Amino acid sequence: MIRTGLPHIWCPSPNFGERKSAVDMLLMHYTGMNSGPAAVNWLRAEKSGVSCHYLVDVDGAITQMVCESKRAWHAGKSYWQGVEDINSCSVGIEIQNAGPLAAFPDFPDVQIAAVIELSKDIIARHAIVAERVLGHSDVAPGRKIDPGEKFPWERLAKAGIGVWPNMDRAALEV
Ligand SMILES: [Zn+2]
């Protein structure tokens, strides 16, 4: 069982399978639902056929639903650099945000701080390179828009997570 070392709630989902490749990607989503608990319920419902490793709620609380060694069902039909089975090679984080349901609300600071800490934990354990910290919209363009234009990629990049254009990575303290 691979769980985050950070404080979290363990709410297992039955929606997972075996990975067919090693983890080398971190994939960000927003839930597009009205509340964190509703999203957790959906990601744990057998009939939904979807899941994710983690959900970070608006208050920064982390819920883990699938062991990181297992293949969660969050990417759907997707593609990146010749690979189509993104679920097999990625860890998925769902970030609670209603998206288009509420005119794309801002992500609270405390939530992003938790996303940053969780991402650092995952990246370190799987040695994920910055160029493979991606959004769902990157791997499913035209089909998915999450985590959306409000998602603070620049703030994450300044914390050493992912990439941002024209940033001097050598100057970062990571
Ligand atoms: Zn998504």
(message) Rolling a 1.4 Å sphere over the protein heavy atoms, what is the accessible area per residue of the chain, to the nearest Å²?
(response) 48
(message) Can you tally the net charge around Q111? Count Lys and Arg as +1, Asp and Glu as -1, for every other residue whose Cβ sits under 12 Å from the Cβ of Q111.
(response) -4
(request) Estimate the FRET efficiency between R143 and M167 by the formula 1/(1 + (r/R0)^6), using the beta-carbon distance for r and 30 Å for R0, to the nearest 0.05. (result) 0.60
(message) Taking just the alpha carbons, could you work out the radius of gyration and Dmax for segment 126-174, both in angstroms?
(response) 11.8, 36
(request) Quote the FRET efficiency, to the nearest 0.05, computed for S69 versus K150 with a Förster distance R0 of 41 Å and r equal to the Cβ-Cβ distance. (result) 0.80
(message) What is the ratio of the Cα radius of gyration of the chain to 2.2 N^0.38 Å, with N the residue count, to two decimals?
(response) 0.95
(message) List the pairs from K20/K158; K47/K70; K120/K158; K77/K158 whose alpha-carbon separation is above 22 Å, in the order I gave them.
(response) K20/K158; K77/K158
(message) Could you compute the net charge surrounding M1? Neighbours are other residues with a C-beta less than 12 Å from the C-beta of M1; K and R count +1, D and E count -1.
(response) +1
(request) Give, as a single signed number, the net charge of other residues whose beta carbon lies under 13 Å from the beta carbon of W80, with Lys and Arg counted +1 and Asp and Glu -1. (result) -2
(message) Can you tell me what percent of all Cα-Cα pairs in segment 86-174 are more than 20 Å apart?
(response) 36
(message) Can you give the FRET efficiency to the nearest 0.05 for A127 and D59, using r as the Cβ-Cβ distance and R₀ = 22 Å?
(response) 0.15
(request) Measure off, as a whole percent, the carbon and sulfur share of the 1.4 Å-probe accessible area of the chain, all protein chains present. (result) 55
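The values are calculated or read from the model by the stated rules, or taken from the named source; none is laboratory data. These figures come from a predicted structure and were not determined experimentally. In this analysis, Cβ positions are derived from the backbone assuming ideal geometry, glycine residues included, and neighbour counts consider all displayed protein chains. Keep in mind that these areas ignore ligands, DNA and RNA; they rest on the heavy atoms of the full protein, side chains included. Shrake-Rupley method; radii C 1.70, N 1.55, O 1.52, S 1.80 Å.
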